[in-house]
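The values are calculated or read from the model by the stated rules, or taken from the named source; none is laboratory data. All of these numbers come straight from a predicted model, not from anything done at the bench. As a convention, Cβ positions derive from the backbone with ideal geometry for all residues, glycine included, and neighbour counts pool all protein chains shown. Protein only, heavy atoms only, side chains kept; ligands, DNA and RNA dropped before computing areas. Shrake-Rupley method; radii C 1.70, N 1.55, O 1.52, S 1.80 Å.
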Amino acid sequence: MGPPVQVLDQWEVYEDISGRKFYVNIISKERSWKPPRSIPPKTDTKAPPQSPQEKPSTIHNAGAVQMRIKRPNSQHERLSQSKSMVLIEPAETTKPISRHRRNHSQHYLTDSLVQKGLTVNQNKEGILNKTKISDKGKKLRKNWTTTYVVLSEERLEFYKDAKELTANLKSGTKSEYINLLGAQIEWTSEKSSRKNVFQITTESGNEFLLQSDADVTIKEWFCAIRNTIDSLGTLQPFSALSVRKSASTEVLQQGNELKEKKNEQRRSLVFRLNYSSSDSSERNRVKTRLKKFITRRPSLKTLQEKGLIKDQVFGCHLESLCKLENTTVPHFVRMCIEAVEKRGLDADGLYRVSGNLSTIQKLRFVVNQEEKLNLDDSQWEDIHVVTGALKMFFRELPDPLFPHSFFEQFVEAIKIPENDDQIKALRHLVRQLPPCNRDTMKALFEHLRKIVVNASTNLMSTQSLGIVFGPTLLRPENDLGNMAICMVYQNQIVELMIWKFDDIFC
C-alpha cells in the first residue's frame, strides 16, 4: 500500500493508482473514501514555525488544489465537509493530475470549481449509467446513457459531463434531476439484464434505473442515496405532502393546492356525468331523425322512374334487364356467346379454366357503367376472361336462370327412370318458364352444344360442362340439407339438356 502521504490526527491519508485519496484510522484500521469529520489535520513537522499571536490555519486538500480555510472560532462555526466550501485564500497548488486522466474525478471537479469561486456541494459525484423507465406511471422504453451524477442534500442531478456541471453552476442553468424527498430506492434484477442495477421511484411516480459495472462504486452510490432519502424522511415531517420547506406559508400553499386538486376532480366527475347524460339524449335525437328520414325516403321504384338509379347488368333480375333492353336475351349474353364462338371454340378448358379476375372485374365495371363494349378489343383478347364474365353474370342473377320456383320440379323430372319420360317432363317445364328465361336458356344451351362438338380440341365434354354450369344455373332457394346429392341432380339436368337439346327446345 505504500507510506501515507499525510497524517491527520488518528487518520493516515493514502493515494490509490488513480491519485484518489482514501483514509485509514490508525487505531481501528477503519477505511473511508471521505475525509474524517471534525478532526483537524496535523501540521507538517517541517513547516515553518508560527508566531504566538498568529492562529494556526488548516490546510484542506481537495484533489489537486490546496485551500487555506480559517479555523472556526467556536464549535458552532466549524465547517462540515458534507456542506459546500467557498474559496477564501488560494494556496500554492500541489502536483496536478495528469492530462491523460479522465477529468471526471470528484476531487478534480471540486478543485476547478473552488478556484473559480463557485459554491460546490460535495456529498457525492461520479459517472453512472442511467435510464428512465416510467414517467408518472407511464412505461417508457429503456435508453441507457452515461451521465455525470451529483448527489446533493435533497436531489440527484444529472449532467453530460463535469464541464457541463461547471458551466451550469456558473450560469445558473438548471439540469435534469431526481427529487429524493419521499423517494424509494431498491436493488432490481428484473428491470434490466445488466448487473449492479438499482431503481429509484420518486413520489410523483417516475422510475429511474442507475447502474455501474464496478461493484464497489455502485454499492457506495446506493448507500449514499439511501442515506440521503432516509435523512430527508427524518428531517421533513411533511414529506407525504411534498413540502420542501417547513415555513408555514409554504405548507398552507401546499394545502390549498391539494384542495384545488380535489375540487378539480369533483368538477371533472360532474362534467363526465353531465356529458354522458347529454350524449345519451343526443343519440336519441339522432335516432329519431334517422327514423324520420328512412320513412320519408322515396322508394327504389320511384328513384328508378326518375332516372336517379339505374339497374346494372350484373346482379339485375333477368326479367327487368330484358324489359329494359326490350329483348328476351340480354345483349351481354349474346355478345359473349358470339365472341366465344368466333375465336374460342378450340381453346383448351373452355369455361373450366379461370381468367384473370381483375380483368373480369374491369369488364364487369365497363358493362355496368353502360360504356360502349367491344369484346374484340385487345384488353379482352383472353377468351377465358369473356367466359369468366359470362359465368359471373349467371351466378349473380338474384333468381337463377332455372328459377327457384321450378327447382324441385326439374329435380323430380331428372329422377324419372325412363329416358323418354325425362325428356318429356323437361320439355314441359321449359315451355312453362317466363319468355326471358326460356329464350336465354335456349341460346346458352345451343352454344354449349357447339362446344361439345369441338370437344376433341377444347377437351370440354358434356359431363365437364355439367359440372361447371350445374351449380351456376340451378340453385335451391333454401338449403335442402344434402348438398352433394343436390349437386348431382344439378349436373345431370345440365348434361341432359345439352345432349337432348333438339328434343327439349323443339
Taking segment 336-368 and keeping residues aromatic (F, W, Y) and surrounded by 14 or more Cβ atoms within 10 Å (Cβ to Cβ) leaves Y351
Any idea which of L258, L209 is outside any helix (DSSP H, G or I) and either among the charged types (D, E, K, R) or modelled with pLDDT of 55 or more (or both)? L209
Output for Cβ contacts, cut-off 6 Å, separation at least six or different chains, first residue in contact (Cβ under 8 Å) with a residue 60 or more places away in the chain in segment 144-158, second part of a strand (DSSP E or B) and of a type in the set (V, I, T), reads W144/T131; L156/I178
Those residues of segment 156-194 which are within 13 Å of F208 (Cα to Cα) and open to solvent by 70 Å² or more (accessible area, probe 1.4 Å), in sequence order: E176, Y177, Q184, E186, W187, K191
So, F469, is that one among the hydrophobic types (A, V, I, L, M, F, W, C), touching a Pro at 6+ places or on another chain (Cβ under 7 Å) and either farther than 27 Å from V340 by Cβ or part of a helix (DSSP H, G or I) (or both) or not? no
Please work out which one of (1) touching a Cys at 6+ places or on another chain (Cβ under 7 Å); (2) over 18 Å from M335 (Cα atoms); (3) of a type outside the set (K, R) is the condition L429 fails and give its number. (1)
Sort through L444, L459 and tell me the only one that's surrounded by 19 or more Cβ atoms within 10 Å (Cβ to Cβ) and within 29 Å of G349 (Cα to Cα). L444
Scanning segment 335-370 residue by residue, the ones that are within 22 Å of E325 (Cβ to Cβ), of a type in the set (S, T, N, Q) and in a loop (DSSP other than H, G, I, E, B) total 1
Can you say whether V333 is in contact (Cβ under 8 Å) with a residue 12 or more places away in the chain, closer than 19 Å to L473 by Cα, surrounded by 15 or more Cβ atoms within 10 Å (Cβ to Cβ) and within 53 Å of the chain's Cα centre (by Cα), as far as the supplied structure shows? yes
I need the full set of residues from segment 297-328 which are in a helix (DSSP H, G or I), at pLDDT below 90 and open to solvent by less than 50 Å² (accessible area, probe 1.4 Å), in order please. T302, L303
Does K138 satisfy being open to solvent by 90 Å² or more (accessible area, probe 1.4 Å) and in contact (Cβ under 8 Å) with a residue 24 or more places away in the chain? no
Conditions: (1) open to solvent by 30 Å² or more (accessible area, probe 1.4 Å); (2) under 14 Å from I133 (Cα atoms). E203 meets all but one. Number of the miss? (2)
